[in-house]
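Some notes on the structure that comes next.
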Amino acid sequence: MPKETILVIEDDSDIVEIIQYNFEREGYRVITASNGEKGLETAISKKPSLIILDLMLPGLDGIEVCKRLRTNAETRSIPIVMLTAKGEESDIILGLGVGADDYVTKPFSPKELPARITAVLRRGDLKQDSPAPSRIERGPITIDPARFEVYLKGQPIAFTLTEFKILSILAANPGRVYTRTLLLDRIQGGDAFVDDRNIDVHIRSIRRKLGDFAESIITVRGVGYKFRE
């Protein structure tokens, strides 16, 4: 029985060939698009299980594609892994900030990318299969695990699945300090391919979206993070 369908939006044919070969060998169905406009059309019509999205695309770039995917009701819940030759933190923050669930920098190991994709898909499975706890209310912040929604003063705020899981874990246990390793274990089931730096980037993005209430998440230097009591 075939595994999930993966959409690759990438203009470099050599990279597409490498990705397609490695994922089809693992049993995935791979569909491709060579530019942003075609990628959007394909995502809406085919509704893949996951999208691998290059940051630097001709015409409509990866950031804009990601924004449009996240604002479209038919595609906003599809996991997105950003693929980019840029490794600077600002580019990583930008990609995660507009809705990407993870990122992989070029050049990448043919073994690393499938492992990262499997981890992101696993998070999606947890979203569907895990029993939903009660609503979490912390001051002006309301988290609805049943709907995977966050509200700030009653207004909905868009969070990626990874951001949502991190915020939910911290908010459900105010005052408890979580190390980066423990957060990784909780959101990915012990997968080692997302590192500590990635957790820090997600935390920055969460704080930015919380605006005036960013200080609800406290950094415990040398240890990790906690939600303000």
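Checking the stated criteria, A132 turns out not to satisfy the condition of being crowded, with 20+ Cβ neighbours inside 10 Å, of a type in the set (A, V, I, L, M) and either closer than 20 Å to I93 by Cα or at pLDDT below 90 (or both). Just so you know, in region 1-36 the residues that are of a type outside the set (D, E, K, R), farther than 15 Å from I51 by Cα and assigned to a loop (DSSP other than H, G, I, E, B) include one that is modelled with the highest pLDDT, and it is G27. Please determine whether any residue of region 72-79 is in the same structural domain as T118 (by TED's automatic domain parsing), small (G, A, S) and not in a loop (DSSP other than H, G, I, E, B). For region 72-79, residues in the same structural domain as T118 (by TED's automatic domain parsing), small (G, A, S) and not in a loop (DSSP other than H, G, I, E, B): absent. Exactly one residue out of G211, G190, G222, G175 is outside any helix (DSSP H, G or I), at pLDDT 85 or above, surrounded by fewer than 13 Cβ atoms within 10 Å (Cβ to Cβ) and outside the structural domain of P114 (by TED's automatic domain parsing): that is G175.
Hey, among the residues in region 93-127 that are surrounded by fewer than 17 Cβ atoms within 10 Å (Cβ to Cβ) and under 14 Å from F164 (Cα atoms), which one's modelled with the highest pLDDT? The qualifying residue modelled with the highest pLDDT is K127.
The values are calculated or read from the model by the stated rules, or taken from the named source; none is laboratory data. These numbers come from a predicted model, not from an experiment. As a convention, Cβ positions derive from the backbone with ideal geometry for all residues, glycine included, and neighbour counts pool all protein chains shown.
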